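First the structure, in the form of structure tokens, and then the observations on it.
The values are calculated or read from the model by the stated rules, or taken from the named source; none is laboratory data. Not measured: the values here are computed from a predicted model. Cβ placement follows ideal geometry from the backbone for every residue including glycine, while neighbour counts extend to all protein chains displayed.
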Amino acid sequence: MFDLIIELYKACDGRWNQFREIGIEQRDLDHWLEFAGMFLSSLGNYFSYGNRKVIPNLSEEVLCQMASISPEAIAKFEEVLDLMMAPQPSRFGYPSKISQCGFYPETKDITKAEVEAITKLMETKEISPENTRLRKLEHSPFEILQASAEKDIPRYLGEINIDEQRTAKVLLSRGDHNSEMKKIYTELSEVRKYADTEEQKSALSQLIESFRTGNYGRFNSAHKAWVRDKSPKIEHCMGFLFEYRDQNGARADWLAVAGIANPQDTSKMKRVIEKSAEIICTLPWAVPGENNCKGLFEPYGADVPDFAIIHGHYTTKKFKA
């Protein structure tokens, strides 16, 4: 679906009104742009909040007419049409007839008890679940797919109890998202050459190691170094960070953010911080004589961490040094 959106964008060179020239009504064009915007914002055709599936408010005929703008778009349209327009699975959740989740590929059904048992097994082996997916095939062992540039054959991890009479083997396979992780750690290896501080070098080195091997402990160590890097000119935050879309709350989505400090905006923020005590005293709950007029609910001053990155849609995950 992402490829279809991009192909349509390329075909009209970003000038979406060109679709009006091939007979697309403005209302239909608006509906398509709403869907495309939602898809890109939510990183998929399920809402970021609520995890409900979104189907374009367009007929298949109109979508086909839009795709006719280029052979590449037609090919992508035919590839995704049925999945894009199907009402089911209607939500995120453990794989079933009415729900699905990318954390459990090629899996028709899996139970909460099975997932939790495997998570506990991983804990005993000191393997973090954040950068993994879990596959359950009929008459086969469970297979943990760990994201890493290095790839090897599945290895036996242990067994879990399915019920009182049955057990199931669990395998660990490194190399999930292998090609993408190779590109990422290769580029980060180049970035490390231009690091300004020891904290940056340490953080990047451990990120590289984590993405190469799949060791999530090195990822956490990288962020302990990252959080000590004060006021960098170029900021970054990347990795398997947010678990809220996993029904089990263990496996995480990938996120990567890079930013360049803006001296003017940073200067404005510093002025706000300098005036914070004065501003806080104007709030409705400020009480004379309490906490220097700030009231009981406010800290003694505003403290904005140097490592802050603002996300439009995501909660933050903090790493303590």
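Yes/no per residue for (1) closer than 30 Å to Asn262 by Cβ; (2) small (Gly, Ala, Ser); (3) in contact with an Asp or Glu (Cβ under 8 Å, 6 or more places away or on another chain):
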site: Leu134; (1), (2), (3): no, no, yes
site: Ser189; (1), (2), (3): yes, yes, no
site: Tyr216; (1), (2), (3): no, no, yes
site: Pro232; (1), (2), (3): yes, no, yes
Problem set entry | Among the candidates Leu134, Leu83, residue that is under 30 Å from Leu241 (Cα atoms), surrounded by fewer than 16 Cβ atoms within 10 Å (Cβ to Cβ) and not charged (D, E, K, R) | Leu83
Exercise. Does Ala113 satisfy the condition of being among the small types (Gly, Ala, Ser) and modelled with pLDDT of 95 or more?
Worked result: no
For this session: Could you list all residues from the range 172-222 that are of a type in the set (Asp, Glu), surrounded by 16 or more Cβ atoms within 10 Å (Cβ to Cβ) and within 23 Å of Met122 (Cβ to Cβ)?
Result: Asp176, Glu209
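Matching residues to (1) in a helix (DSSP H, G or I); (2) surrounded by 13 or more Cβ atoms within 10 Å (Cβ to Cβ); (3) on the phi > 0 side of the Ramachandran plot:
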| residue | (1), (2), (3) |
| --- | --- |
| Asp3 | yes, yes, no |
| Gly14 | no, no, yes |
| Gln18 | yes, yes, no |
| Glu21 | yes, no, no |
| Met66 | yes, yes, no |
| Ala75 | yes, yes, no |
For this session: Among the residues of the range 154-181, write down those that are modelled with pLDDT of 95 or more, aliphatic (A, V, I, L, M) and not in a strand (DSSP E or B).
Result: Met181
Exercise. Among the candidates Val80, Val54, which residue alone is within 24 Å of Phe103 (Cα to Cα), touching a residue at least 12 places away in the same chain (Cβ under 8 Å) and touching a strand residue (DSSP E or B) at 6+ places or on another chain (Cβ under 9 Å)?
Worked result: Val54
For this session: Spot the failing condition for Pro105; the list is (1) of a type outside the set (Gly, Ala, Ser); (2) in a loop (DSSP other than H, G, I, E, B); (3) outside the structural domain of Glu159 (by TED's automatic domain parsing); (4) modelled with pLDDT under 95, and only one is missed.
Result: (3)
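One line per residue, one yes/no per condition, for (1) farther than 30 Å from Arg91 by Cβ; (2) outside any helix (DSSP H, G or I); (3) modelled with pLDDT under 95:
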position: Lys183; (1), (2), (3): yes, no, no
position: Gln200; (1), (2), (3): yes, no, yes
position: Ile208; (1), (2), (3): yes, no, no
position: Arg212; (1), (2), (3): yes, no, no
position: Arg228; (1), (2), (3): yes, yes, yes
position: Ser231; (1), (2), (3): yes, yes, yes
position: Glu235; (1), (2), (3): yes, yes, yes
position: Leu241; (1), (2), (3): no, yes, yes
position: Gly249; (1), (2), (3): no, yes, yes
For this session: May I ask you to verify whether Asn57 is of a type in the set (S, T, N, Q) and in a loop (DSSP other than H, G, I, E, B)?
Result: yes
Exercise. When you scan the range 46-56, how many residues do you find that are under 18 Å from Asp30 (Cβ atoms) and surrounded by 13 or more Cβ atoms within 10 Å (Cβ to Cβ)?
Worked result: 2
Problem set entry | Pairs, first under 20 Å from Phe103 (Cα atoms) in the range 174-191, second modelled with pLDDT of 95 or more and in a helix (DSSP H, G or I), C-beta under 8 Å, six or more apart | Arg174/Thr213; Met181/Phe211; Met181/Arg212
Problem set entry | Selection count where residues are within 19 Å of Lys183 (Cα to Cα) and polar (S, T, N, Q), scope the range 193-250 | 5
